[in-house]
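Written out below as structure tokens is the structure these notes cover.
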Amino acid sequence: MSRDDDTRFEPRLGRPRSGGEGRPGRPPTSFKQQVLRAVARAGGNPRLIGRAMAGRAGTRTRTDRFNARGRGSKLVATFPRESGWSRPEGGMRYRARRVVVKARVVKMRGSGSKAAYAHLRYLQRDGAALDGERGRLYSASLDHADGSNFLDRGQDDRHQFRLIVAPEDGAELGDLRDFTRRLMEQMERDLDTQLDWVAVDHHNTGHPHSHVVIRGVTDDGKTLNIAGDYIAHGIRHRASEIVTLELGMQSEWEVQQKLGREVEQDRFTRLDRAILQEVNDEGLVDLRMGEEQSYLGRVNRYLLIGRLKKLERMGLAREEEPTRWSLASGMEKTLRELGERGDIIKTMHRAITERGLARGAGDYVIHAGKAEQKPTVGRVIGKGLAGDELTGRLHLVIDGADGRVHYVEMSEAAAGETRTGSIVEVGRAEAPPRPADRNIAELARDNGGVYEPAIHLLTARDTMRVPDGNYEGYVETHVRRLEALRRAGIVERLDADHWRIPDDFENRAQDYDTGRTRQLGARVLSLIDLDAQVTANAATWLDRELVADAPVALRDRGFGREARDALARRRQWLMEQGFAREDGSNTIYQRGMLSTLARREVEEAGRKLALERGMSFRMAENGERISGTYRQPVQLVSGKYALVERSREFTLVPWRPVIEKALGRQVSGLVRGEGISGEFGRKRGPSIGM
């Protein structure tokens, strides 16, 4: 080589290339990744490597601090976390049967006890036995258990456990009662205590399952604490043992058959999970035959290819090269949302079919859980537990006045007293009253309608205890609340130490909060159906629609058509009763018609209650101050009323949510038109205003 040849050599610097793996220019695969991929190619589970290493080193996982506590912790440590395959004498592989277990620990103190009754009621209503009958509660020894007695026994429990146990082969088991009872017996042996439980089976879905509710007490009355690891893994392991003993081991051929049914499903499946595990360092799913392919990839290759072609038709995958695929970002999230949507549509279709209604799938509307600008009015045709049936959230299926069928989910509190057949308005959830607003209103009433922070500070120091003794900060929170309401035009700041508070301050402040929330809520417009309203001697939803300045828009189909017909018949009834008359093409309604109709119903209800209670009934008059003991709520067609008792007589006044906390206590208030104003003065002793 000449000198000139040497000078023509110019090195070109660039990124280092891998040593033969992957595409040129990509960083080399780390040793850890090579080990994990080798384990996968051999048919092992790479996810178990970290657990095994941690166990050998004696270290704790992130969740061990909680999960290691409670009954069953030592026993569950001996259970395998994954049901492995076995290959007897080199033949077909077998494994234990799969069971899905979902669990939730629910606090019972406060509102939890009331919610527990509702939860059990919904479980029975939504459940269905093998014979198609309504779901029936059962226990360890009773085929027809009493849910109320069960919950009454647990009134003082700190918590309860709620389980959903769903064997993958539940349809082959048939009646799930024997399976559930055997599982609970095994849990009692594992936890070394008898369990007080009830269960109900659901056979009206594609996956039969059992709901089990367990009291959080041991057989000697102590609080039952179950180790988190036993809840997460032990119950599933025991359930799998029972099903496997009943049906035998599951062969690899059976698994292949079940996976084949998942290829065309519009939801996130086990095949999708396997596809995500096959994504290589280049971000591709490489299903070419070769050493790099995992064992599961080789065994299920044709199923995975079929699934990827389905995903390609859905726009969630693309074949870059033959048998090499790229996946759309958010594929898993999209598939899970599609699965949830499919379940919701089935729920809507079932509610429509059970009532013999005819609605097209194009008329289905699924609300995302946030309040929209325009509320939805219609008749409830379905109500039950939402989602995985463990959270306590409810769903409503509404035959809307707009001719469409609506599906909404909300909390139990936001659903209020809605029931199937009632007419509701779904929109923004009503905000709860704020204690700060109540305090401001009380102090203002005692000070000529003016709130003074200085007086509030003195009163707080004399009458109450504040955390950390920070009374100034406590009063300052009230001032900040007033500043927000001042900007909304509700209160007036006279100077730095004086605020003008209107008489209806609490209602306006609550309306302000309601207008700002985006959570969905349901307001009951009528608890009786349209036919019953036509001739009801009460103020009905139909009456309010007839006299409304902006009535609900009614489409000429579905519930809208039924409501139009009912309005015409109610108009005719009102004319026959002298409440309305025709004036050409218009109908003139009597002034104060709604108040008169409501008064009629209250008087009639009062007379009936007087006979039942052996007391005299007195009608409350406008401007009258009412005081007495709040005994019970009374639901009428015209609305909900509170029965207030004093001496040997009682009266019915419009009910407000705040009064429910005063059941059995003294209340007081001033009747104003169709409502009642409240007074909450602490100087009056242990009473609450209405």
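The values are calculated or read from the model by the stated rules, or taken from the named source; none is laboratory data. If you're wondering where the values come from, they're calculated on a predicted model, not measured in any experiment. Glycine also receives a Cβ, built like all others from the backbone with ideal geometry; neighbour counts cover every protein chain displayed.
Pairs are defined by a Cβ separation below 6 Å, a sequence spacing of at least 6 or placement on different chains, a first member in the stretch 71-90 that is among the hydroxyl-bearing types (Ser, Thr, Tyr), and a second member that is at pLDDT below 85; the pairs so defined are Ser83/Arg95; Ser86/Tyr94. For the stretch 660-677, the criterion of being buried (at least 19 other Cβ atoms within 10 Å of the Cβ), in contact with an Asp or Glu (Cβ under 6 Å, 6 or more places away or on another chain), within 24 Å of Pro433 (Cβ to Cβ) and touching a residue at least 12 places away in the same chain (Cβ under 8 Å) is met by at least one residue. Considering only the stretch 512-527, I want to know if a residue exists there that is surrounded by 13 or more Cβ atoms within 10 Å (Cβ to Cβ), farther than 30 Å from Arg393 by Cα and either among the acidic types (Asp, Glu) or within 30 Å of the chain's Cα centre (by Cα) (or both). For the stretch 512-527, residues surrounded by 13 or more Cβ atoms within 10 Å (Cβ to Cβ), farther than 30 Å from Arg393 by Cα and either among the acidic types (Asp, Glu) or within 30 Å of the chain's Cα centre (by Cα) (or both): absent.
Scanning the stretch 360-385 for residues that are assigned to a loop (DSSP other than H, G, I, E, B) and modelled with pLDDT of 85 or more returns His367, Pro375. Filter the stretch 241-260 down to the residues that are at pLDDT 90 or above and of a type in the set (Lys, Arg) and list them by number. Within the stretch 241-260, none qualify.
State yes or no: is Asp219 among the acidic types (Asp, Glu), under 28 Å from Asp156 (Cβ atoms) and at pLDDT 90 or above? The answer is yes for Asp219. When Val658 is tested against (1) modelled with pLDDT of 85 or more; (2) closer than 25 Å to Leu594 by Cβ; (3) in contact with a Pro (Cβ under 7 Å, 6 or more places away or on another chain), just one condition goes unmet, and that condition is (1).
Note on the stretch 471-543: enclosed helices (runs of 4 or more DSSP H) holding 3 or more residues that are farther than 30 Å from Gly578 by Cβ are 471-487, 505-516. Is it true that some residue in the stretch 347-358 is over 26 Å from Arg428 (Cα atoms) and either aliphatic (A, V, I, L, M) or in contact with a helix residue (DSSP H, G or I) (Cβ under 6 Å, 6 or more places away or on another chain) (or both)? Checked the stretch 347-358: at least one residue is over 26 Å from Arg428 (Cα atoms) and either aliphatic (A, V, I, L, M) or in contact with a helix residue (DSSP H, G or I) (Cβ under 6 Å, 6 or more places away or on another chain) (or both).
Picking from residues in the stretch 593-623 that are in contact (Cβ under 8 Å) with a residue 40 or more places away in the chain and not in a helix (DSSP H, G or I), the one that is nearest to Pro654 (Cα to Cα) is Ala620.
Here Val99 meets the list (1) farther than 23 Å from Gly234 by Cα; (2) at pLDDT 65 or above; (3) touching a helix residue (DSSP H, G or I) at 6+ places or on another chain (Cβ under 6 Å) almost entirely, failing just condition (1). Within the stretch 546-572, restricting attention to residues that are surrounded by fewer than 18 Cβ atoms within 10 Å (Cβ to Cβ) and assigned to a helix (DSSP H, G or I), the residue that is farthest from the chain's Cα centre (by Cα) is Gln572.
The helices (runs of 4 or more DSSP H) found entirely in the stretch 145-195 that carry 1 or more residues being closer than 29 Å to Lys258 by Cβ are 170-173, 177-191. Residues that are modelled with pLDDT under 90 and under 24 Å from Glu185 (Cα atoms) within the stretch 129-142 comprise Ala129, Leu130, Gly135, Arg136, listed in sequence order. Of all residues in the stretch 219-236, those being in contact with a helix residue (DSSP H, G or I) (Cβ under 8 Å, 6 or more places away or on another chain) and farther than 30 Å from Arg125 by Cβ number 6. Selection within the stretch 408-417: residues that are under 13 Å from the mean Cα position of the chain (by Cα) and not acidic (Asp, Glu). The member of this set that is modelled with the highest pLDDT is Val408. Under the condition of being buried (at least 18 other Cβ atoms within 10 Å of the Cβ) and assigned to a strand (DSSP E or B), the residues counted in the stretch 216-242 number 2. Just one of the listed residues (Ala496, Ala436, Ala484) is at pLDDT below 90 and small (Gly, Ala, Ser), namely Ala496. Against the numbered list (1) part of a strand (DSSP E or B); (2) out of contact with any Leu (no Cβ under 6 Å at 6 or more places or on another chain); (3) not hydroxyl-bearing (Ser, Thr, Tyr), Arg631 comes up short only at (2).
Mind listing whichever residues of the stretch 183-202 are within 20 Å of Leu123 (Cα to Cα) and in contact with a Gly (Cβ under 8 Å, 6 or more places away or on another chain)? Within the stretch 183-202, Asp196, Val198, Val200, Asp201, His202 meet the criteria.
Does any residue of the stretch 589-604 turn out to be over 43 Å from the mean Cα position of the chain (by Cα) and exposed (fewer than 12 other Cβ atoms within 10 Å of the Cβ)? Scanning the stretch 589-604, I find at least one residue that is over 43 Å from the mean Cα position of the chain (by Cα) and exposed (fewer than 12 other Cβ atoms within 10 Å of the Cβ), so the answer is yes. Selection of the stretch 318-350 for residues being in contact (Cβ under 8 Å) with a residue 24 or more places away in the chain and hydrophobic (A, V, I, L, M, F, W, C) yields Trp325, Leu327, Met331, Leu335, Leu338, Ile344, Met348.
Yes or no, residue by residue, for (1) farther than 30 Å from Asp343 by Cβ; (2) surrounded by fewer than 20 Cβ atoms within 10 Å (Cβ to Cβ); (3) at pLDDT 90 or above; (4) in contact with a helix residue (DSSP H, G or I) (Cβ under 8 Å, 6 or more places away or on another chain):
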{"site": "Thr391", "(1), (2), (3), (4)": "no, yes, no, no"}
{"site": "Gly400", "(1), (2), (3), (4)": "no, no, yes, yes"}
{"site": "Arg419", "(1), (2), (3), (4)": "no, yes, no, no"}
{"site": "Ile455", "(1), (2), (3), (4)": "yes, yes, yes, yes"}
{"site": "Val479", "(1), (2), (3), (4)": "yes, yes, yes, yes"}
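Within the set Asp437, Asp504, Asp495, Asp529, the sole residue that is out of contact with any Pro (no Cβ under 6 Å at 6 or more places or on another chain) and under 30 Å from Gly378 (Cα atoms) turns out to be Asp529. Considering every residue within the stretch 573-585, establish whether at least one is closer than 18 Å to Val424 by Cα, surrounded by fewer than 18 Cβ atoms within 10 Å (Cβ to Cβ) and not assigned by TED's automatic domain parsing to the domain that holds Thr376. No, because not a single residue in the stretch 573-585 is closer than 18 Å to Val424 by Cα, surrounded by fewer than 18 Cβ atoms within 10 Å (Cβ to Cβ) and not assigned by TED's automatic domain parsing to the domain that holds Thr376.
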